[in-house]
Structure formats: C-alpha cells, structure tokens
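The values are calculated or read from the model by the stated rules, or taken from the named source; none is laboratory data. Fair warning: this is a prediction, and the values are worked out from it, not measured in the lab. Only protein heavy atoms, including side chains, enter the accessible area calculation; ligands, DNA and RNA are left aside. Shrake-Rupley method; radii C 1.70, N 1.55, O 1.52, S 1.80 Å.
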Amino acid sequence: MGGITSAGSALGLSPGPRASAHLGRSVAHETLVVVGDTPMDIACARAVGATAVAVTTGRFSADALADADV
C-alpha cells in the first residue's frame with residue numbers, strides 16, 4: 001500500500017487527483033483515509049468526505065483533534 005501526502009492539503013487542495021495519478025486509477029474522496037496529528041489534518045479530511053484518523057503523536061490533545069472542524 002502506498003501513501004500519498006500533500007502539503008497542498010493544508011491549503012485546501014484535494015488529494016484525490018494526486019492519489020489517482022499515483023495509483024493509476026480514479027480515487028473517490030470517500031475512499032481516502034487521512035492520518036493526522038493536527039486539527040488542520042482532521043478538518044481537511046472532513047472537508048472532502050475522507051475518513052479521518054487522529055493520532056496524538058504531536059502537540060495536540062485528543063480533545064483538540066476531536067473538536068477539529070471545517
């Protein structure tokens with residue numbers, strides 16, 4: 001399984017086209033899983049309809065990640 005990361009996601013850019021290019025097939029946002037440790041990561045995932053997996057490996061608490069919104 002390959003991973004797609006994008007600094008552009010923090011700017012509101014969709015990871016879908018990049019993932020599609022990497023995998024050589026169409027990728028729907030609903031099939032994406034975003035693993036992140038900042039509220040911005042979680043908010044970006046939610047904004048495009050992806051599944052968000054919050055990890056408390058950074059400086060943000062579980063509560064701060066749970067409260068992340070678009």
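At a glance:
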quantity: Test for Ala64: is it at pLDDT 90 or above and open to solvent by less than 40 Å² (accessible area, probe 1.4 Å); calculated: yes
quantity: Number of positions in region 1-50 that are modelled with pLDDT under 85 and either closer than 18 Å to Ala66 by Cα or not in a loop (DSSP other than H, G, I, E, B) (or both); calculated: 10
